[in-house]
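> Input: one structure, supplied below.
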Amino acid sequence: MSIEEIETEVKEEFALFGDDWEGKYEHLIDLGKSLPKIDPQFKTDDRLIRGCQSKVWLHSRLENGKVLFTADSDAIITKGIVGLMIRVLSGHRPEEIINAPLEFIDQIGLKEHLSPTRANGLVSMIKQMKLDALAFQLKV
Amino acid sequence: MQTVSKPITPAVLENIRKDFPILSRKIHAGKNGSGGKDLVYLDNGATSQKPQVVIDVLEHYYKFQNSNIHRGIHALSQEITTEYELARKTVQKHLNAAHDYEIIFTKGTTDSICLVANSFGKKYIKQGDEILVTGMEHHSNILPWQLFCEEHGAVLKVVPVNNQGELDLEACDRLLNKQTKIFALTHVSNTLGTINPVKEIIRMAHAKDIPVLLDGAQAVPHGKVDVQDLDADFYCFSAHKTFGPTGVGILYGKEKWLSVMPPYQVGGGTIKTVSFQKTIYADLPLRFEAGTPHIEGGLGMAAALDYINKIGLDQIAAYEHDLLEYATDKLSVIPGLRIIGTAKEKAAVLSFVVDGTHPMDIGTLLDQQGIAVRTGHHCTQPLMAQFGIPGTVRASFAFYNTMEEVDKLEAAMHKAVKMLL
């Protein structure tokens, strides 16, 4: 599936919740809990994206021309959103990642988590995912 | 200043809440503005809400009074100068300062502390001298001193805090020594709620001829502060945490210090005469008030102080004490919840963590339920390091909060914890 198709899938998934904030956040928390663990060797300070409050660790590698991401966070809701980002971006070619609009976060009603005041490191994480993709693109 | 005021009963509270327009708004309303949750505002430690009388003052200023103060000869300028100076007197009376010129308008508590660190520091603090702070200071009462120390070779010393969140007074006495040039500490901790025994501490410091600066940002909104009774050398607070406008605050300083301290920021208004050879600076308080001030902010602050005096500072303190006790009892039953800051003397601040959860997750889920709290390190990272936690959830109360809101907080916490664990 293309990035766009996965975004559509995520949007449809969240549309089911409508105004039910509880369902939406329970889903995010589940996503956070089920996010595959990052290899501890990559959970290092140089891979740490520091928000003011929660932390995000991001690891990326290139396999067969596709970028694979793993990540972790100390806050579970942040981790759920991190999981969504990975689901959308991981396994795609660098240029697809660089050009991904990522509007789905806004459209599924999680925009506030990307505001700089949320201080959760997500904005920086997205930037880092794209930067990593860019670095891989220059290598290939 | 204080009128005879009534205890804050539910009926009195209902009227008080009507004075604050924002308290009736809905949070997370639907796209067409429908639905939504009642706002439960428990982030008063960050900033307080404003009563209509303060909002009216700001509007009136821009509609009918706007002009610059202090040097105009036209009617508007003279009128507003008079009002601005009356606002200064209101603050003077509120803090019971001996003179109105001991009240300096600043941008806020941070600005007030920076002023003292730089101006007092430049005159009195030399290489090898010590500046004493405490382990529970807000960053804004650490960084100005730390920066000064780095630039001037002075040494920053820290009074330790115990696990209840109280100052170690024996260590305090020990750390106040011949090298100490100033002791800067918070009156009330923004993170823990601890009310420090500042009168006793000031006596301790003065016995060794060491002046004391108090950060009163979290004290002035919650009760009576009398700078002469405390014998504080400097006292700082912010209007916006005290139901007034943002961008304006106060530095109180004893005349004996302010009158000999060099100017900090200079510019229009701070001078008597200027030539390229020599400038003679103005007397107090104008010497420390560079540039056009936040005029309407000063007026708004005075209106806010008048407002809380009408409610009664003792009534506010008594009611908030009840709120805190009630909230402490209510939250204590939540499994895994640990209150950070259990000092004997506390203001209405409740910081906590819940085992196995991140404060930000709790904050997010409370927000979804209309409850505004603060999460994080509250600009007190050294304190968080001491308690070994990344941050806390902090509910900070004001006199307009209700017991029902505490119940809502408790219910919302149960739900949040259930969702997270």
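> Just a yes or no: is a residue in segment B:408-419 of a type in the set (A, V, I, L, M, F, W, C), out of contact with any helix residue (DSSP H, G or I) (no Cβ under 9 Å at 6 or more places or on another chain), under 30 Å from B:LYS157 (Cα atoms) and more than 10 Å from every other protein chain (Cβ to nearest Cβ)?
Among the residues of segment B:408-419, not one is of a type in the set (A, V, I, L, M, F, W, C), out of contact with any helix residue (DSSP H, G or I) (no Cβ under 9 Å at 6 or more places or on another chain), under 30 Å from B:LYS157 (Cα atoms) and more than 10 Å from every other protein chain (Cβ to nearest Cβ), which makes the answer no.
> For segment A:1-80, which strands (runs of 3 or more DSSP E) that fit wholly inside it have 1 or more residues that are within 14 Å of chain B (Cβ to nearest Cβ) and more than 14 Å from the chain's Cα centre (by Cα)?
Correct list: A:48-50.
Okay, residues lined up against (1) under 11 Å from the mean Cα position of the chain (by Cα); (2) at pLDDT below 80; (3) within 14 Å of chain B (Cβ to nearest Cβ):
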| position | (1), (2), (3) |
| --- | --- |
| A:LYS111 | no, yes, yes |
| A:ASN120 | no, yes, yes |
| A:ILE126 | yes, no, no |
| A:LEU131 | no, no, no |
| A:PHE136 | no, no, no |
| A:VAL140 | no, yes, no |
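> What number of residues in segment B:285-318 are open to solvent by 30 Å² or more (accessible area, probe 1.4 Å) and over 21 Å from B:LYS6 (Cβ atoms)? Write out each step before concluding.
Of segment B:285-318, the ones open to solvent by 30 Å² or more (accessible area, probe 1.4 Å) are B:286-287, B:290-294, B:306, B:310, B:314-315, B:317-318.
Filter again for over 21 Å from B:LYS6 (Cβ atoms), leaving B:286-287, B:290-294.
Final tally of qualifying residues: 7.
> A follow-up question, please. Give me the strands (runs of 3 or more DSSP E) completely within segment B:267-370, filtered to those with at least 2 residues that are in contact with a Lys or Arg (Cβ under 8 Å, 6 or more places away or on another chain) and more than 14 Å from chain A (Cβ to nearest Cβ), ordered by residue number. Steps first, please.
Numbers: elements: B:271-274, B:279-281, B:337-340, B:349-354.
By residue number, B:279-281, B:349-354.
> Still on this model: Scan segment B:395-402 and tell me whether some residue there is away from chain A (no Cβ under 12 Å), assigned to a loop (DSSP other than H, G, I, E, B), open to solvent by less than 20 Å² (accessible area, probe 1.4 Å) and polar (S, T, N, Q).
The answer is yes, given that some residue of segment B:395-402 is away from chain A (no Cβ under 12 Å), assigned to a loop (DSSP other than H, G, I, E, B), open to solvent by less than 20 Å² (accessible area, probe 1.4 Å) and polar (S, T, N, Q).
> While we're here: Anything in segment B:383-394 that is outside any loop (DSSP other than H, G, I, E, B), buried (at least 22 other Cβ atoms within 10 Å of the Cβ) and within 14 Å of chain A (Cβ to nearest Cβ)? List them, or say none.
B:THR392, B:VAL393, B:ARG394
> Let me ask something else. Hey, does segment B:23-43 have a residue that's without any contact (Cβ under 8 Å) to a residue 60 or more places away in the chain, under 15 Å from B:ILE371 (Cα atoms) and more than 14 Å from chain A (Cβ to nearest Cβ)?
yes
> Report the residue count in segment A:74-96 for those that are over 13 Å from A:PHE136 (Cα atoms) and open to solvent by less than 10 Å² (accessible area, probe 1.4 Å).
Of the residues in segment A:74-96, 10 are over 13 Å from A:PHE136 (Cα atoms) and open to solvent by less than 10 Å² (accessible area, probe 1.4 Å).
> Is it fair to say B:ALA29 is hydrophobic (A, V, I, L, M, F, W, C), open to solvent by less than 50 Å² (accessible area, probe 1.4 Å) and more than 30 Å from B:ALA395 (Cβ to Cβ)?
Values: hydrophobic (A, V, I, L, M, F, W, C): yes; open to solvent by less than 50 Å² (accessible area, probe 1.4 Å): yes; more than 30 Å from B:ALA395 (Cβ to Cβ): no.
No, not satisfied.
> Condition (residue is within 24 Å of B:ILE8 (Cα to Cα) and open to solvent by 10 Å² or more (accessible area, probe 1.4 Å)) applied to segment B:351-371: is it met by at least one residue?
Among the residues of segment B:351-371, not one is within 24 Å of B:ILE8 (Cα to Cα) and open to solvent by 10 Å² or more (accessible area, probe 1.4 Å), which makes the answer no.
> On to the next question. For segment A:47-61: of the residues being within 20 Å of B:ALA385 (Cβ to Cβ) and in contact (Cβ under 8 Å) with a residue 40 or more places away in the chain, which is most open to solvent (accessible area, probe 1.4 Å)?
The residue in question is A:ARG50.
The values are calculated or read from the model by the stated rules, or taken from the named source; none is laboratory data. This is a predicted model, so every value here is computed, not measured. With ideal geometry, Cβ positions are generated from the backbone for all residues, glycine too; neighbour counts draw on all protein chains shown. When the accessible area is computed, the model is the full protein with side chains, heavy atoms only, and any ligands, DNA or RNA have been set aside. Shrake-Rupley method; radii C 1.70, N 1.55, O 1.52, S 1.80 Å.
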